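Inspection log for the structure reproduced underneath, given as structure tokens.
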Amino acid sequence: MSGELNSTHGPAARLRGWVSALWGLVFSLIPVLPATADPVFLAEPAPLLATVDTRSVTIAELGIAAAVETLASDGAYRQVAVTGWARPGAERVLFAWPGKQVIVARLPRAQTGRLVPVARETDPDTGTDWVEMRLEGWVAEAALRPSRTPIWEAAWALFATSCTACHERRVPENYTANQWRSYLKVMGPRTGLPEESQALILAFLQRHASDTIHIEEARP
Amino acid sequence: MSGKDFTQISRRSVLKGATAVGALGVLAPAWLRAGAAHAAGMDGEVITGSHWGVFYAKVDGGTWTEIRPWEGDPAPSHQLPGIMDSVMSPSRIKYPMVRRAFLEGGAGASPETRGAGDFVRVSWDEALDLVASELKRVSETYGPTGIFGGSYGWKSSGKLHNCQNLMRRMMNLGLNGAFVNASGDYSTAASQIIMPHVMGTLEVYEQQTVWPVVVENTDVLVFWAADPVRTNQIAWTVADHDNYPYLQAFKDTGKKVIVIDPWRNETAQFFDAEWVPIRPHTDVALMLGIAHTLYEEDLHDSDFLDEYTSGFEDFLPYLTGESDGTPKTAEWASEICEVPADQIRDLARLFQSNRTMLSSGWSIQRQHHGEQSHWMLVTLASMLGQIGLPGGGFGLSYHYANGGAPSANSIVLPGIGDGGGAVEGAAWMTDAGAASIPVSRVVEMILNPGKDFNFNGKTQKFPDVKMAYWVGGNPFSHHQDRNQMVEAWQKLETVVVHDFQWTATARFADIVLPATSAYERNDIENVGDYSARAIVAMKKVIDPMFEARNDFDIFADICERLGARDAFTEGKDEMAWIKGFYDAAAEQAPARGIEVPAFDAFWEAGILEFEIPEENRQFVRYGDFRDDPLLEPLGTPTGLIEIYSKNIEKMGYDDCPPHPTWMEPVERLGGEGAKYPFHVDTAHPSSRLHSQLCGTKLRETYAISGREPCMINPVDAEAKGIVDGDIVRIFNDRGQILAGAMVTDAIRPNVIRVAEGGWYDPAPGGEIGALDTYGDVNNLTVGIGTSSLAQGNCGHTALADIEKYEGDAPAPDVFSAPAEG
């Protein structure tokens, strides 16, 4: 299990678990992120804007826990680049890895022209072709975190509570990232949680799945 | 009236909309009036809910006297009177009880006396001290995998008094999560593991193409080992019974219905359907024969296969016989499944030339190599090319909890959590053994600690479990190979059970704690697993009987002894929790564009109903995938229906190849070396929920000569010298049961049917191999897993022989309390 997950669920974290209700407060205290080369992460779904302007065109909706690279900063907004993998013919959805339906960004059809292909790959197992796409735009600072740890803390608390009311707690790495997407499509609404909370649980499960946990562990 | 007559008449009348009014318990038995603690001042009628539906309970003089269905139930279950009787039955557990040898000799003393019925009454304090000290002792002595807390079963409805969650909550908060959990279930174990590889999702618990669409568009409705008329009586939450009017509506269209089943089940009788009396355990062969015909006659939909599936070309050489020298022709299939080859070809042509819905039950995956059944069904449906079209394709939940009933725009109740949010992940336990096992491997685990087992691509070790804590279930009914289970239980040091009736599981425990029934406490629940069309206040009908206590209070007291009471209760009492669930649900209302009353007004009204939007009456499963398979990919590696799975190929399991395959089971009718001449069909009962309500007067409406009924064809009966009403003995190398013969041509020759869920009643109690005098059919079934992939149970794999019982048949005594109970 990843160091990240252990730090989420380990003995030290258990203490923090008792005060999970305070996470909202913790979030509000997070300082302005320094603009560095390190990736930062989406704590909530957020629009990627063409310009720093409230009337700006939305280029894409970024997914929870997606990693973005910082290009520039401008007060409450940060210019970022995001990359993800798309199936030719389905460029409106970018996934974190080829063949793994962990959504990094969704684009309106009219915006797909902004995508810049940077790599190609054929998945040896499925024979499907994938193109890595890069996209640039602006995102609100408030949606970003310097690590995924607080995101997973919040997700775990929701998962452990909401996803044990009807059945025993499932083990994230007993299922694949793609299976989790399909399960949450059905099970998410049965929690009665707001869609953003369902998306948070989904992101946690997909990035701790049998076929992603090791990729996440290897992440620098 | 024989069981058969009752069944047929009552189900017909239910479908006509007749109501089930309780008549069984109008007069409470004398023993009950003398002994029960009843509160005055509760007289009147209250609404509550159950797995069988919403109902009103009338109380007179502190005694529950009448039960009548909610007027919003379109087809109330005829089992309602049994609910009332269960609460007041002679098999109630009245007091905390401890097995005498355990009490006198300590944990593990004389385990062979488990099941012998020798219990001693103790006080609640003594019992709770004993339980808490055993939890601590086992946990400290044997580490985090010493206790099995994977309790499984159909615990009563209700979001708060969810005893299984409450137990795990106690173990998570009071024992720091030191227990072995279980995953999956006994209903759909094979399918819920194989379907995610094939369709990317569970299938079995998901909304179907809704019934209005089926009634409108389906030309040929196939029930493949499914009996929705019987099995939709119950639901995991509170049954809505919304499917019944649609079943009637489909019948009224006069369109074709085909039932593939070894017996002419209640659905076949209701529709007067074409009955295909297949040889049990051979459904994959029949599907292959149909598939081969489609291919041979160029009737398969190659466009659909190209666009929406993956790996058909890898399956095809197997179908044609190119890879193994055996073409899976209709003739080949006919030899195995005993459906005539011409009929197999006709079925292929009929399915292809009409809008066909292949609706399947779960029995065909609850057998050796059960993973193959639904994989092949999906493959067949893919060749027909109607998946995602209105009324076409396949469905695995039309028979369960009223799947396919359109969903309401409703708010959803949360429920009590298992407390696991506060403990670390389970991986830290893996050195000592798996922290979670596939649920049906519990006996194998107890008998084989340290042994490697495969499961869905992983190899893990069985932990060394010394204590089992079971709540909300009756594994001595739902688990297979009963005598192997008795042997396994003798290896345990400590067994604790909560229940409200003396089930076999309670009789095989060391410490038995009397829990309240769902009708002696307040709770709240959604109505309709799929429709979610109401929320019901499950109001307390009567005060707890005898010394029964709520599981919540029992576990809170145990947590107090473990230093975790406040964490367990969060400082809230019963009504505070219930109100909390309702208020959390009510917060969803604005986003759904509806208004809901405040809690007090809801509780006063008792039920809150929701509207069903028109679009939900048009839902077509996989319609979105069919529209755009790239943007709406399935959750498989290819995003497509996987007829060939590279993931399963990589697992390299001999017993689960990478495409659907006809696999000979360990035993079957007509199989090579079959040792016994009859297949034992172990289908669900008509008048119980598994084993629930077996211990009620409802039993008198179906039992034959005091035993569980055994359906047998007249030809077989004559050959065996058996007549209707005879007591028969059914036996094989694993066990023996008595049953009451019901001679009927509603079952095909060479198959006998004993419904699962009859209460295990060994004479003498506790002895391995003892004669079961009532008829728990799981004495006869095999205890192995379906395959390395899913490790599900094989509750429908059993061959046996039958004979007229000439001996002195002991009267069943499982339906009353043990001597001092």
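The values are calculated or read from the model by the stated rules, or taken from the named source; none is laboratory data. Just so you know, these numbers come straight off a predicted model, no measurement behind them. Here the Cβ is made from the backbone with ideal geometry for all residues, glycine too, and neighbour counts use every protein chain on show.
A few remarks follow.
- Of all the residues in the stretch B:596-623, those that are free of Cβ contacts under 8 Å to residues at least 12 places away in the same chain and among the charged types (D, E, K, R) number 4.
- In the stretch B:387-436, of all residues being of a type in the set (S, T, N, Q) and either closer than 30 Å to B:M170 by Cα or surrounded by fewer than 24 Cβ atoms within 10 Å (Cβ to Cβ) (or both), the one that is modelled with the lowest pLDDT corresponds to B:T430.
- Counting the residues of the stretch B:334-359 that are under 18 Å from B:H300 (Cα atoms) and either of a type in the set (G, A, S) or not assigned by TED's automatic domain parsing to the domain that holds B:A285 (or both) gives 2.
- Residues in the stretch B:119-173 that are touching a residue at least 24 places away in the same chain (Cβ under 8 Å) and acidic (D, E): 3 in all.
- The stretch A:73-86 - residue that is modelled with pLDDT of 95 or more and of a type outside the set (F, W, Y) and, of those, farthest from A:E141 (Cα to Cα): A:A86
- Contacts under 8 angstrom Cβ, first residue in the stretch A:98-109 being not assigned by TED's automatic domain parsing to the domain that holds A:T58, partner at pLDDT below 95 and of a type in the set (A, V, I, L, M, F, W, C), 6 or more apart: none
Here is a yes/no grid of residues against (1) in contact (Cβ under 8 Å) with a residue 60 or more places away in the chain; (2) of a type outside the set (F, W, Y); (3) closer than 30 Å to B:L640 by Cβ; (4) more than 10 Å from chain B (Cβ to nearest Cβ):
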{"site": "A:E121", "(1), (2), (3), (4)": "no, yes, yes, yes"}
{"site": "A:I151", "(1), (2), (3), (4)": "yes, yes, no, yes"}
{"site": "A:A154", "(1), (2), (3), (4)": "yes, yes, no, yes"}
{"site": "A:C163", "(1), (2), (3), (4)": "no, yes, yes, no"}
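- Among the conditions (1) surrounded by fewer than 18 Cβ atoms within 10 Å (Cβ to Cβ); (2) of a type in the set (G, A, S); (3) touching a Leu at 6+ places or on another chain (Cβ under 9 Å), the only one that B:G757 does not satisfy is (1).
- Meets criteria (part of a helix (DSSP H, G or I) and either in contact (Cβ under 8 Å) with a residue 40 or more places away in the chain or closer than 18 Å to B:D129 by Cβ (or both)) for B:N483: yes
- Residues (outside any helix (DSSP H, G or I) and touching a residue at least 60 places away in the same chain (Cβ under 8 Å)) located in the stretch B:558-586: B:L562, B:G563, B:A564
- Sole residue being closer than 29 Å to B:S334 by Cβ, surrounded by fewer than 24 Cβ atoms within 10 Å (Cβ to Cβ) and either aliphatic (A, V, I, L, M) or without any contact (Cβ under 8 Å) to a residue 40 or more places away in the chain (or both), chosen from B:E266, B:E274: B:E274
- Set A:R114, A:R145, A:R134, A:R109: member being surrounded by fewer than 20 Cβ atoms within 10 Å (Cβ to Cβ) and within 14 Å of chain B (Cβ to nearest Cβ): A:R109
Residue by residue, here is whether (1) in contact (Cβ under 8 Å) with a residue 24 or more places away in the chain; (2) surrounded by 24 or more Cβ atoms within 10 Å (Cβ to Cβ); (3) in contact with a Cys (Cβ under 6 Å, 6 or more places away or on another chain) holds:
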site	(1), (2), (3)
B:S691	yes, yes, no
B:E700	no, no, no
B:S705	yes, no, no
B:G721	yes, no, no
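- When residues of the stretch A:46-60 are limited to those that are of a type outside the set (A, V, I, L, M) and surrounded by 15 or more Cβ atoms within 10 Å (Cβ to Cβ), the one modelled with the lowest pLDDT: A:S56
- Of all the listed residues (B:V180, B:V214, B:V222, B:V204), the sole one being in contact with a His (Cβ under 9 Å, 6 or more places away or on another chain) and of a type in the set (V, I, T) is B:V204.
- Total residues in the stretch B:589-615, condition assigned to a loop (DSSP other than H, G, I, E, B) and more than 31 Å from the chain's Cα centre (by Cα): 6
- Pick from the stretch A:148-169, criterion β-branched (V, I, T) and within 18 Å of the chain's Cα centre (by Cα), ranking: surrounded by the fewest Cβ atoms within 10 Å (Cβ to Cβ): A:T149
- Some residue of the stretch B:182-197 being in contact (Cβ under 8 Å) with a residue 12 or more places away in the chain, more than 18 Å from the chain's Cα centre (by Cα), under 14 Å from B:A790 (Cα atoms) and away from every other protein chain (no Cβ under 11 Å): yes
- Among residues of the stretch B:199-211, those that are crowded, with 24+ Cβ neighbours inside 10 Å, within 11 Å of another protein chain (Cβ to nearest Cβ) and more than 20 Å from A:P172 (Cβ to Cβ), counted: 2
- Counting only helices (runs of 4 or more DSSP H) that sit wholly inside the stretch B:257-348, those with at least 2 residues that are more than 18 Å from B:P657 (Cβ to Cβ) are B:266-271, B:283-296, B:302-308, B:330-337.
- Residues satisfying the stated conditions in the stretch B:623-639, i.e. within 11 Å of another protein chain (Cβ to nearest Cβ) and either within 18 Å of B:A405 (Cβ to Cβ) or part of a loop (DSSP other than H, G, I, E, B) (or both): B:D628, B:P629, B:L630, B:L631, B:E632, B:P633, B:L634, B:G635, B:T636, B:P637, B:T638, B:G639
- Looking only at residues in the stretch B:515-557 that are assigned to a loop (DSSP other than H, G, I, E, B) and acidic (D, E), the one that is farthest from B:Q233 (Cα to Cα) is B:E547.
- Residue selected from the stretch B:446-480 under the condition within 22 Å of B:H498 (Cα to Cα) and part of a helix (DSSP H, G or I), by the criterion nearest to the chain's Cα centre (by Cα): B:H478
- The set of residues from the stretch B:198-212 being aliphatic (A, V, I, L, M) and either more than 18 Å from the chain's Cα centre (by Cα) or assigned to a helix (DSSP H, G or I) (or both) comprises B:V198, B:M199, B:V210.
- Output for the stretch A:176-190, where each listed residue is under 16 Å from A:T164 (Cβ atoms), facing another protein chain (nearest Cβ under 7 Å) and not aromatic (F, W, Y): A:R190
- With a requirement of 3 or more residues that are closer than 24 Å to A:Q179 by Cβ and of a type outside the set (S, T, N, Q), the strands (runs of 3 or more DSSP E) lying completely within the stretch A:63-123 that satisfy it span A:77-87, A:90-97, A:100-106.
- Whichever residue in the stretch A:170-220 is small (G, A, S) and closer than 18 Å to B:G184 by Cβ and, among such residues, is surrounded by the fewest Cβ atoms within 10 Å (Cβ to Cβ): A:S210
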